[in-house]
Amino acid sequence: MSKEQLEIGAISKPRFEFRTFGKEFNEAAFLMSRLSVPVPEKVWERFSEEIYIVSKTNDINNTKIRDGKMDIKTLIQSVDGLEQWNPLMKGEFPMKAEILTQEVFPAFKVEMPELTKEIYTLEEFLEIIHNHPDLQAVRVEKERYGYMVNDTICEYANVWINGALVVSLNSESTEVEDIKKTITDLKLEDAENINYLQAIKRVIGMSNKKLAN
Amino acid sequence: MAQESNPRFEFRIFGINLEKLTATLDKLTPRLQTRKMNSIYLLTAGNTKNNIKIRDGIMDIKVLEQETDGLEQWNPFLVGEFPLKGDVIKTVVFPALGIVCPVMDRDQYTLDQFLKEIISIDPDLSVAFVKKVRHGYMLNNCITEIAEVLVNGALINTLCIESEDPKQVLAAKKMLGIGNDTENVNYPLALKRIMGLASLPKKYWESND
């Protein structure tokens, strides 16, 4: 079976992902920049602002809102320490209560709040989150630099979680072996695979685990 | 509970990019020392008057005495060294946190027992593990510092000016070019904002929506 040729920014079958977070990955970032093939200019530098909704009782569904659009991904499997995530739901605000009840809140795995309106703006939705004891909205800003190493899509990112800075590196591909080689080439064998949900939970104190460094 | 020092007036800011302020400070006065230290802060959403931290196995609490001219006056007192008596935890620590003290099974608690058996299981309590690299200065007779602070592993920088004399702090602020519109943010508030226990400044959210 031939490998799928990955193209940055293009839709592919669900990819496996290695990602880690810490205070610095200078050596890995340098290696990533040197080992990368040239990448399209549109991914050289990207900036985004997102709101993640984290839940005390959920570690498998990753919910984020960017530009008023909601995107929920779900963890479908882990292979050799790599995680494969699949889109679970996409929606846009204002959002119908029916969608919140049937798709969004079940993904948080929390007690369903009472919804009294038929449709909710983003601000109204965030108010519900604010009032729920098991949920938290977290502001995340990203400054991402794209690379391609061993046919895997890579990035180095500065990530501000509620204003505090962490650094993240990732490698993703449909091919597990390509990611594993990239982890070795970047000398990241000792770095824990930490997804966004876990990193945010660790920084905000919802989890007492540490970041990779 | 011994008095550590006279209550000082304090002005503090937090942010990622404090290079310009650091450069100004470096021009005005020499850097005197750099210290590294680790602290554990105990936080509750409702408590805004007490800054409760543990460093080197010793707990101390700073109480917000008053706010004047945009400065905060904090009064520090020593709670004690671990192992800490259950009675002290019940009558000093939890009242300062502003929440109900759980039933305690021990007469005294080591730091590890305190964190595992009392703090980590309380849904109303959050813990911030904070690592600081603090660079000390004296500016206009004020204790002044720039520090890199890792909050549960995430970086933020802080600048602080403090003195028993509020006028000296205000003058030092002016020397650094810090205006009256700059918010005075104390440690508990900054930590609570990062950890989602306090709202981010309105300006912060509005700028991106």
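How many residues are within 13 Å of chain B (Cβ to nearest Cβ) and polar (S, T, N, Q) if we restrict to the stretch A:17-72?
So the answer is 4.
How many residues, within the stretch A:33-55, are under 19 Å from the mean Cα position of the chain (by Cα) and either over 22 Å from A:Thr152 (Cα atoms) or among the acidic types (Asp, Glu) (or both)?
8
Any chance the stretch A:8-16 includes a residue that's over 19 Å from A:Glu124 (Cβ atoms) and modelled with pLDDT of 95 or more?
yes
Test A:Arg139 against the stated conditions and say whether it is closer than 27 Å to A:Leu188 by Cα, outside any loop (DSSP other than H, G, I, E, B), of a type in the set (Lys, Arg) and modelled with pLDDT of 95 or more.
Values: closer than 27 Å to A:Leu188 by Cα: no; outside any loop (DSSP other than H, G, I, E, B): yes; of a type in the set (Lys, Arg): yes; modelled with pLDDT of 95 or more: yes.
Taking the combined requirement at face value, the residue does not satisfy it.
How many residues are touching a Gly at 6+ places or on another chain (Cβ under 6 Å) and loosely packed, with under 12 Cβ neighbours inside 10 Å if we restrict to the stretch B:16-71?
Here the count works out to 2.
Report yes if some residue within the stretch B:170-183 is of a type in the set (Gly, Ala, Ser), closer than 26 Å to A:Thr20 by Cβ and either over 16 Å from the mean Cα position of the chain (by Cα) or within 10 Å of chain A (Cβ to nearest Cβ) (or both); otherwise report no.
No.
Just one of (1) in contact (Cβ under 8 Å) with a residue 40 or more places away in the chain; (2) under 17 Å from A:Leu197 (Cβ atoms); (3) β-branched (Val, Ile, Thr) trips up A:Ile72, so point out which.
Result: A:Ile72 fails condition (1) only.
What are the pairs, 6+ residues apart or on separate chains, where a residue within the stretch B:168-180 that is closer than 17 Å to B:Ala23 by Cβ has its Cβ under 8 Å from a residue that is among the polar types (S, T, N, Q) and outside any helix (DSSP H, G or I)?
Qualifying pairs under 8 Å: B:Ala172/B:Asn140; B:Ala172/B:Thr144; B:Ala172/B:Ser163; B:Met175/B:Asn140.
Quick one: in the stretch A:162-190, which of the residues that are out of contact with any helix residue (DSSP H, G or I) (no Cβ under 7 Å at 6 or more places or on another chain) and free of Cβ contacts under 8 Å to residues at least 24 places away in the same chain is surrounded by the fewest Cβ atoms within 10 Å (Cβ to Cβ)?
A:Asp190
Among the residues of the stretch B:113-127, are any over 16 Å from B:Ser39 (Cβ atoms), among the small types (Gly, Ala, Ser), within 14 Å of chain A (Cβ to nearest Cβ) and without any contact (Cβ under 8 Å) to a residue 40 or more places away in the chain?
Checking the stretch B:113-127: at least one residue is over 16 Å from B:Ser39 (Cβ atoms), among the small types (Gly, Ala, Ser), within 14 Å of chain A (Cβ to nearest Cβ) and without any contact (Cβ under 8 Å) to a residue 40 or more places away in the chain.
The values are calculated or read from the model by the stated rules, or taken from the named source; none is laboratory data. Remember, predicted model here, so these are calculated numbers, not experimental data. Cβ: placed from backbone, ideal geometry, glycine included. Neighbour counts: every protein chain shown.
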